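What follows is a single structure, written as structure tokens, with notes after it.
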Amino acid sequence: EAILDHDIIVVAAAGQTYAANILSGAAEAASKLGLVADDSVILPAAYPNVIAVAGCAPNGAPWSESHCGPNVDITAPADAMWVAEFKPKDDRSDDAIRRQQLECTSGTSFAASFMAGVAALWLAHWGRPALIRRYRPSGVPLAWVFRHQLQRTANAAHTDDWDDGRYGPGVVNVEALL
């Protein structure tokens, strides 16, 4: 309701399945996650007013572990992401210091957080109040406008084998969006 009534943009990760953690075929477990045969996008990303974000590899190809399907709105970087992390303390004393490190990891959560930043940039660039003044009189929620603009400006990095029915129209193109 907040998405529609208050012009809130909500993005969510489509989800991922790692080889060591493959979803079982149990229909009950799958339905609890919002999965259907042709669409593995999990809730809350599967809700119609939420921007569902699938993941891509560094070269722009769909990430093999990303959930996908017709509910995907856009794809963003998810594989081989460098993140700040802390090493565990070396010993159990109170004086031990947790050391910072960079770690390479993967997940559609990174694609969703990237997309949340893109939404913030879009709102800042065009001005949220100006966008609301422009679209609210026609009854079009800001989330719908954002989704449309994302999809209109996306690029399929691998145009010869990109499946827009499973990964959306392409990978987010922030420069074109702004």
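Looking across segment 112-144, the residues that are over 13 Å from Leu178 (Cα atoms), part of a helix (DSSP H, G or I) and open to solvent by less than 60 Å² (accessible area, probe 1.4 Å) come down to Ala112, Met115, Ala116, Ala130, Leu131, Ile132, Tyr135, Leu142, Ala143. Considering (1) modelled with pLDDT under 95; (2) under 22 Å from Ala46 (Cα atoms); (3) not small (Gly, Ala, Ser), the lone condition that Cys104 does not fulfil carries the number (2). Criterion applied to Ala176, Ala76, Ala157 was being part of a loop (DSSP other than H, G, I, E, B) and not β-branched (Val, Ile, Thr), and the one residue passing it is Ala157. Can you name the residue in segment 77-101 that is touching a Ser or Thr at 6+ places or on another chain (Cβ under 8 Å) and under 23 Å from Leu178 (Cβ atoms) and, of all such residues, is modelled with the highest pLDDT? Out of the qualifying residues, it is Ala78.
Scanning segment 156-169 for residues that are touching a strand residue (DSSP E or B) at 6+ places or on another chain (Cβ under 6 Å) and not aliphatic (A, V, I, L, M) yields Tyr167, Gly168. Per the conditions (1) open to solvent by 40 Å² or more (accessible area, probe 1.4 Å); (2) in contact with an Asp or Glu (Cβ under 7 Å, 6 or more places away or on another chain), the sole criterion not satisfied by Asp163 is (2).
The values are calculated or read from the model by the stated rules, or taken from the named source; none is laboratory data. Since the structure is predicted, the reported quantities are computational estimates derived from the model, not experimental observations. Every residue, glycine among them, receives a Cβ derived from its backbone with ideal geometry; neighbour counts consider all protein chains shown. Heavy atoms of the whole protein, side chains included, go into the accessibility calculation; ligands, DNA and RNA do not. Shrake-Rupley method; radii C 1.70, N 1.55, O 1.52, S 1.80 Å.
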